[in-house]
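Notes for the one structure printed next.
Please treat every number below as a calculation from the coordinates, not as lab data. A quick note: this is a predicted structure, and the numbers were derived from the prediction, not measured. Heads up, the Cβs are rebuilt from the backbone with ideal geometry, glycines too, and the neighbour counts pull from every protein chain shown.
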Amino acid sequence: MARRGGYRYNTPMDLPEIPRRATRSVTVGGVIIGGGAPVSVQTMTNTPTAHAEATGAQIDRLARGGADLVRVAVPTRADTAALGRIVAEAPVPIIADVHFHVERALEAIAAGAAKIRLNPGNISDRDQVRRVIDAAAEAGTAIRVGVNEGSVVERTAGARRRSDLARPLADLMVDKLAEHVALFEAAGFENLVLAAKSHDAYTCVVAARLIAERWDYPLHLGVTHAGLPETAAIRSAAAVGALLCEGIGETIRLSYAGDPLAEVRAAVELLCSLRLRARRGVDLVACPTCGRLQMDLGPMVEKVRAELADIEAPLTVAMMGCVVNGPGEADNADVAICAGKGKAVLYRRGQRVRTVAADQIVSAVVSEARRLAGEQ
Ligand code: SF4
């Protein structure tokens, strides 16, 4: 009989964990990527990096939300000039995202970035890459070689569109990656994380599988330019979730347009859902609503979620709309309500506590959950 989180009975928690692919480990500040370490969550700030205060505040927020690593863009000298302060004050290791200028990479390494991300499609001069490798080796900085579809398509002779490509995009991205891995290995640099991203989820899956077959460097997963949260969430969960279920992927970033905290929360939820990260706080089980529902439960669920957001103890709270599934969920939850017409039955760990009026449901669930959290 399982007892993990709030569950007490034979539940899916009894399933075996997903076996992970064996990889080398890469140390990024205090975070280990690969080598059996927990899958880490990363994201990217959207403030101008040169604004050290605003960027630092956003990094703090993202770290509190569950980000293990935060990446900042460094397109200008002003950005790398601010990086030293950002790195020194950040609660998590900072990764510098370098696109066109090798000087930015060198400045970011000198400023203490724990890792830099290079796009081989944008810095292809071998001597320039070699300078970065030497500086990173000297400083102990990790490097992610991250290919994406844009750089491959634009640099493929005559092909300006994906449909012009003679070979599948995933193959082309992995070939481009191979050129650069060879360059790094020839220089004796193996402190590498690899990535190949597309906006197309399935291409990401195919490319990651090819990389995982070929190298044992840790793999960074994500769907790039995935769009607005509605589509980005689905595309990212489809690709990253599928790969994680195959044991592939050592660090993940879900890319959304908008507040990066949303992508961190979604990435954490994805890892918790696959049991690759222990859930902290409340696991909220909620009625999806149907024609049996006799009260407006959705806003109550939202209120309960907001009011219990600060609880760190693992608790399962179920808010069910009727007797069809309500008692079953109540049985397996720490706190549950099973709603009816104008009232609901409140349960504590499967035991019926009392009936509460509709306008008392939120306060009753919140106070019961807080009481149990205080006992843990
Ligand atoms: Fe419908 Fe009841 Fe299920 Fe809610 S819990 S979706 S009301 S059957």
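Taking a straight line from the alpha carbon of Lys115, these lysines sit under 20 Å away, with near neighbours fewer than eight places off in the same chain left out: Lys197. The phi torsions of region 322-333, fed into the Karplus equation with coefficients 6.51, -1.76 and 1.60 and a -60° offset, translate into couplings of 6, 7, 4, 10, x, x, x, 5, 4, 4, 9, 10 Hz, rounded to whole numbers, with Gly and Pro shown as x. Measuring from a point 7 Å past the Cα of Glu375 along Cα-to-C-beta, which residues in region 270-295 have an amide N at less than 18 Å? 281-283, by backbone N distance to the label point. Summing charges over neighbours of Cys338, with a neighbour being any other residue whose Cβ is under 13 Å away from its Cβ, gives +4 when K and R count +1 and D and E count -1. Under the convention that each Lys and Arg Cβ holds +1 and each Asp and Glu Cβ holds -1, the size of the dipole of the chain around its Cα centre is about 880 debye. Region 84-147 and region 246-279 have their alpha-carbon centroids 24 Å apart.
Taking label positions 7 Å along the Cα-Cβ direction at both Asp127 and Glu302, the computed distance is 6.0 nm, reported to one decimal. Each of Ala266, Gly374, Ala208 was scored by the projection of its Cα onto the charge dipole of the chain, and the greatest displacement toward the positive side belongs to Gly374; charges sit on the C-beta of Lys, Arg, Asp and Glu.
Tell me, in nm to one decimal, what length is gained between Tyr202 and Arg280 on full extension, where the rule is 0.36 nm per residue of separation less the Cα-Cα distance?
The span from Tyr202 to Arg280 would gain 25.0 nm if fully extended.
FRET efficiency for the pair Ile234 and Lys341, taken as 1/(1 + (r/R0)^6) with r the Cβ-Cβ distance and R0 = 25 Å, rounds to 0.10. Across the alpha-carbon atoms of region 220-301, the computed radius of gyration and Dmax are 15.0, 46 angstrom. Spacing of the modelled spin labels on His51 and Glu185, each 7 Å from Cα toward Cβ, amounts to 4.4 nm. Available extension along the chain between Ser273 and Ala257 is 3.5 nm, counting 0.36 nm per residue and deducting the alpha carbon span.
Taking amide H positions as modeled 1.01 Å from N, with prolines and chain starts lacking one, the residues under 5 Å from Met44 and 5 or more places away or on another chain are Arg71.
Cross-link partners for Lys343 among the lysines, with Cα-Cα distance under 27 Å and sequence neighbours closer than 8 places in the same chain left out: Lys303.
At full extension, Ser363 and Arg349 could sit 3.3 nm farther apart than now, given 0.36 nm per residue minus the alpha carbon distance.
Taking other residues whose beta carbon is less than 9 angstrom from the beta carbon of His220, and scoring Lys, Arg as +1 and Asp, Glu as -1, yields +3. Its residue count N sets the reference 2.2 N^0.38 Å, and the alpha-carbon radius of gyration of the chain equals 1.13 times that reference.
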